[in-house]
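*Asks:* Attaching a single structure in structure tokens format; questions to follow.
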Amino acid sequence: MKKFTKRFLLTVVPFAVATSILFAGCDSSAPASSQLPSDTSSTSAAAPSGTAAEPAFQGSDNIPVVDGVAEMMMGATTTGGWTYMYVSSAAKVISDHCENINVTPQITTGGGENLVRVAAGELPVGVASAAYIDKYLNGSPEEKIEACPQLRTLYGSPNSTLSVIVPAGSSYQTIEDLKGKKVSICNKGNSGQLLIADLLKAMGRDDGYYDLQYLTPAESMDALKTGNIESLWICACDPHSSVTEIFTMPGGARFIEFSDEQKKLFLDTCSYLSPAVRPAGTYTGQTEEYHSVGSPYALIVTEDFPEELAYQMAKALNENYDEWVTTFAGVKGATAQNTIDTAIAPLHPGTERYFKEIGLLK
């Protein structure tokens, strides 16, 4: 019988330390972190069964096999947000339906840290937004990020929506009205923060136009309530717990829309973005549709992630989609077809094999 050894790690590897590993190069053969189990003697235990064409997985430095179960950590982000719930619910579905796989969410600073550690071979799986995946897959000489062509998509998510939130009673009607004001664009390392920083640069507003604050969504929620910031800019899927609470705070909240010209600039600047519409009534007091842009997230691995494990994980998420949505309604739209349509990094061979098996790919 499968053993569950849930380990919700509350320690976070400093992002600056993890980043230094990747900036030195994106070689997928980089040594595993000393913070991961160094004793791999357990990998000789009974391993998950493979296919006739592929030997059974025997374990690795970052995926030990214990009593026949592959134990892996999945990089999430700070607790309380949509991304953490996405990872946690995916981990539960996979662990519940794959007898030989046990997945535990790991708290991190966000998509940036996850991709650094996945690419360096420290973390087997991590979630990241399209903005981060695009930057790390293709490289960014300006930011001294080397291309990481070994990154692969394990499974995708529904689209996020870029949003500007202000208190309902404020006088701000456009993003220009917020010039010089304290605006949170989420914590550094957060996937939304990277996207927003790139878009501010595209608009020529990255150099003091706003008094930028780097607060987590939860911290931003508290700061809006106390008046310590004037606005929160966030890119996340719905429903987001902090956004939900912001809209139910005394006085309420509302969204500010970008102009059509700004949205066109965003779409022209970032090829991974697409138009996004948030239905009216998604949040308390939101009486009209909100039109913006957005992008998906994805669970990212490297090309040498075990094919049989990737196959089983993709199959578990797709075949138990209804259960997944019941566990966390925010994953509605995280389908196999959406994964194919929105993948930035190439599909992992195990995921691709499953999608071919069910007729979604030739």
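Each reported figure results from applying straightforward, stated rules to the coordinates on display, with no laboratory input. Keep in mind that what you see is a predicted model, and the values were worked out from it rather than measured. Counting neighbours? That spans all protein chains shown, and the Cβs are built from the backbone with ideal geometry, glycine included.
*Asks:* So, counting K/R as plus one and D/E as minus one, what does the shell of residues with Cβ under 15 Å around Ala197 add up to?
*Replies:* The answer is -3.
*Asks:* Okay, next question. Within 10 Å of each candidate Cβ there may be at most 15 other Cβ atoms; applying that plus a DSSP loop requirement, which chymotrypsin sites (Phe, Trp or Tyr not before Pro) in the stretch 139-223 survive?
*Replies:* Tyr214
*Asks:* Taking the stretch 101-147, which trypsin sites (Lys or Arg not before Pro) meet the DSSP loop condition and have no more than 11 other C-beta atoms within 10 Å?
*Replies:* Answer in residue order: Lys144.
*Asks:* Please list 3J(HN,Hα) in residue order for the stretch 230-241, calculated via the Karplus relation 6.51 cos²θ - 1.76 cosθ + 1.60 where θ = phi - 60°; whole Hz, with x for glycine and proline.
*Replies:* 9, 7, 10, 9, 8, 10, 8, 7, 9, x, 9, 4
*Asks:* For labels at Ala56 and Glu99 in the simple 7 Å Cα→Cβ model, what's the distance in nm?
*Replies:* 1.2
*Asks:* Quick one: order Leu347, Leu317, Leu265, Leu200 by neighbouring beta-carbon count within 10 Å, fewest to most.
*Replies:* The most exposed by this proxy come first: Leu265, Leu200, Leu347, Leu317.
*Asks:* Also, quick follow-up: Spin-label point model (7 Å from Cα, Cβ direction): what's the Thr284 to Glu143 distance in nm?
*Replies:* 3.5
*Asks:* Near the amide H of Ser231, under 5 Å away, which other amide H atoms are found, from residues 5 or more places off or on another chain, if H is placed in the peptide plane?
*Replies:* Ser184
*Asks:* Quick query: amide H of Ser60 versus all other amide H atoms, modeled in the peptide plane; which residues come in under 5 Å with a sequence gap of 5 or more or a different chain?
*Replies:* Under 5 Å from the amide H of Ser60 lie the amide H atoms of Val65, each far enough along the sequence or on another chain.
*Asks:* Given points 7 Å out from each Cα along the Cα-Cβ axis, report the Asp67 to Asp206 separation in nanometres with one decimal.
*Replies:* 5.1
*Asks:* Moving to a separate point now. From the C-alpha coordinates alone, can you work out the Kirkwood hydrodynamic radius of the stretch 155-223, in Å?
*Replies:* Computed over the stretch 155-223, the radius equals 13.1 Å.
*Asks:* HN-Hα J couplings of the stretch 116-127 from phi, Karplus 6.51/-1.76/1.60, θ = phi - 60°, integer Hz, Gly and Pro as x?
*Replies:* Result, rounded to whole Hz: 4, 6, 5, 4, 7, x, 8, 10, x, 9, x, 8.
*Asks:* If you don't mind, there's one more thing I want to ask. Note down the net charge around Leu317, summing +1 for each Lys or Arg and -1 for each Asp or Glu among other residues with Cβ under 15 Å from its Cβ.
*Replies:* Taking every Cβ under 15 Å from that of Leu317, the sum is -2.
*Asks:* Considering amide H positions built from the backbone, and no H for Pro or chain starts, which residues 5 or more places from Gly126, or on another chain, come under 5 Å of its amide H?
*Replies:* Gly75, Ile300
*Asks:* Let me ask you something else. Which whole-Hz couplings ³J(HN,Hα) result when phi for each residue of the stretch 302-307 is put into the Karplus expression 6.51 cos²θ - 1.76 cosθ + 1.60, θ = phi - 60°, listed in order with x for Gly and Pro?
*Replies:* Per-residue couplings from phi come out as 10, 5, 8, 4, x, 4 Hz.
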